[in-house]
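The values are calculated or read from the model by the stated rules, or taken from the named source; none is laboratory data. From a predicted model like this one, the values you see are computed outputs, not experimental measurements. Neighbour counts run over all protein chains shown; Cβ positions are idealised from the backbone, glycine included. Only protein heavy atoms, including side chains, enter the accessible area calculation; ligands, DNA and RNA are left aside. Shrake-Rupley method; radii C 1.70, N 1.55, O 1.52, S 1.80 Å.
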Amino acid sequence: MVVDLMGLLHSPEQAEILGAGTRILMAVEPPEVLAQMIPLPGDKTRVMAADARLRAAKKMHITSAAGTDLRVDLGQFKPLPEYGFADEPGHWDHWPSGFISTWPNEGSANGRVVIDVGDMLFPFKMYVSTPIVLEIRDGSIRSIEGGFEAKYLRKHIESYRDPGAFAVSHIGWGLQPRAKWTGLGMRDKSQSLGMDARAYYGNFLFSTGPNAEAGGTNNSPCHVDIPMAACSVSLDGEPITVNGDVVAADQRVSA
Ligand SMILES: [Fe+2]
C-alpha cells in the first residue's frame with residue numbers, strides 16, 4: 001500500500017501502481033482536518049450505495065431554486081467512489097473524503113447551472129458573492145455571466161486557450177456529515193486542498209474540464225471544482241438529494 005503525501009493524482013505513475021493491484025491512500029490535509037474526518041465504515045456503505053445507484057442510472061437531473069436546471073446522460077463512464085480508506089487491491093482513495101462522482105456521457109450535458117452566493121470555486125478557494133450563470137449546450141459551457149466572480153472564472157478558463165477547458169467534467173454529491181461548509185473560510189488557503197467543501201453532506205459538486213481520468217478524450221489541464229449548496233439531484237426521476245439534503249434512504253445519515 002502507498003500513502004501518497006504529495007499528490008500523484010492524474011499521473012501515469014498512479015495508474016501503473018494501481019494496475020499492479022497496489023492500494024493508494026492520498027492524504028495531504030493538515031492534521032486537524034484529518035482528525036475531523038477520520039473515515040468510518042458507514043462512510044463506505046453509503047458511498048458505495050451511491051456508486052451502485054449511479055452505475056444503474058441513465059440520466060441525472062440537477063435543479064435549484066437559484067435557477068440551475070441541468071440534464072446529463074450517464075453510462076459511458078464508471079463512477080468514482082471516495083470514502084476515505086484504501087481497503088481493496090488496486091483501490092485509490094483520499095482521506096478525507098466521502099462523496100461520489102461520475103462523468104456525463106461526452107456531449108450530453110445540457111441546460112443551465114447557477115452558481116449561487118456561498119457556493120465555492122476551486123482552485124481559487126473562494127466563496128461566490130454574486131451568482132454566476134453558466135449556459136451549457138452539448139457538453140460545453142457556452143457563456144459565463146454574472147459579476148466579479150463570473151468574470152474571474154471566465155478569464156481563468158479562457159486563459160488556457162483550450163476548447164476542452166469549457167467541458168463539463170465530473171459531477172456528483174457529498175455524503176460526509178463531518179465535512180463543513182464553513183471549512184474553507186476557517187483556514188489559510190495554502191494549508192488545505194479544501195476537502196470540507198468537496199465532501200460536505202448534500203452538496204452538488206459540479207466541475208469543468210477533463211474527463212481523460214475516467215477514460216474520455218478530453219485531457220484539458222484546466223479543471224475547476226465547484227461545490228454547490230441547495231441543489232436537488234435526481235437519477236432517472238428518483239430524488240437523491242433535495243435542496244442540499246440527502247433523501248435517498250441508502251445514503252442518508254439518520255439524525
Ligand atoms: Fe475535481
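Largest first, the residues 253, 3 sort by 1.4 Å accessible area into 3, 253. Overall dimensions of the range 176-255, expressed as equivalent-ellipsoid semi-axes from the Cα gyration tensor (√(5λ), whole Å, largest first), are 24, 21, 10.
When +1 charges are put on Lys and Arg Cβ atoms and -1 charges on Asp and Glu Cβ atoms, the dipole computed for the chain relative to its Cα centre reaches about 380 debye. Kirkwood radius, the chain, all distinct C-alpha pairs, inverse of mean reciprocal distance: 18.2 Å. Per residue of the chain, the DSSP helices (runs of n ≥ 4 H) give a summed -39500 (n - 2.57) that works out to -5500 deg cm²/dmol at 222 nm.
Under the shape rule built on the C-alpha gyration tensor, where the axes satisfy a ≥ b ≥ c, the range 66-105 is oblate, since a/c reaches at least 1.5 while a/b does not exceed b/c. In terms of overall dimensions, the range 35-104 has a Cα radius of gyration and Dmax of 14.0, 42 angstrom. Size estimate for the range 47-149 follows the Kirkwood approach: the inverse of mean 1/r over distinct Cα pairs works out to 15.4 Å. Subtracting the Cα-Cα distance of residue 78 and residue 61 from 0.36 nm times their residue separation leaves 4.4 nm of extension gain.
Computed about its Cα centre, the charge dipole of the range 128-255 is approximately 420 debye, with only Lys, Arg, Asp and Glu carrying charge at their Cβ. Here residue 231 sits with roughly 0 square angstrom of accessible surface, probe radius 1.4 Å.
Amide H contacts for residue 80 (H built 1.01 Å from N in the peptide plane; partners 5 or more residues away or on another chain; cut-off under 5 Å): 101, 102. Counting only Cα atoms, the size of the range 117-255 along its three principal axes is 47, 38, 28 Å, in decreasing order. Other residues whose C-beta falls under 9 angstrom from the C-beta of residue 121 contribute a net charge of -2, scoring Lys and Arg +1 and Asp and Glu -1. Just name one of 224, 234, 183: the one whose Cα is farthest towards the positive end of the charge dipole of the range 179-255 (beta-carbon charges, Lys/Arg +1, Asp/Glu -1). Most positive-ward Cα: 183.
Each other residue within a Cβ distance under 14 Å of residue 86 adds +1 if Lys or Arg and -1 if Asp or Glu, for a net charge of -4. Applying the Karplus relation 6.51 cos²θ - 1.76 cosθ + 1.60 with θ = phi - 60° to the range 191-208 yields 3J(HN,Hα) values of 8, 8, 6, x, 6, 3, 5, 6, 10, 4, 4, x, 5, 10, 9, 9, 7, 10 Hz, where x marks Gly and Pro.
Compute the signed sum of charges (Lys and Arg +1, Asp and Glu -1) over the other residues within less than 13 Å, Cβ to Cβ, of residue 150. With Lys, Arg at +1 and Asp, Glu at -1, the neighbours total -3.
Here the accessible area of the chain is 55 percent carbon and sulfur, with a 1.4 angstrom probe and all protein chains present.
The mean accessible area for residues of the range 134-230, using a 1.4 Å probe and ignoring ligands and nucleic acids, is 43 Å² per residue. For the set 143, 207, 129, solvent exposure ranked by accessible area (probe 1.4 Å, protein chains only) runs largest to smallest as 129, 143, 207.
Size descriptors for the range 151-205, from the alpha-carbon set: Rg then Dmax equal 14.1, 38 Å.
Extending 7 Å from the Cα toward the beta-carbon at both residue 9 and residue 249 defines two label points whose distance is 3.4 nm.
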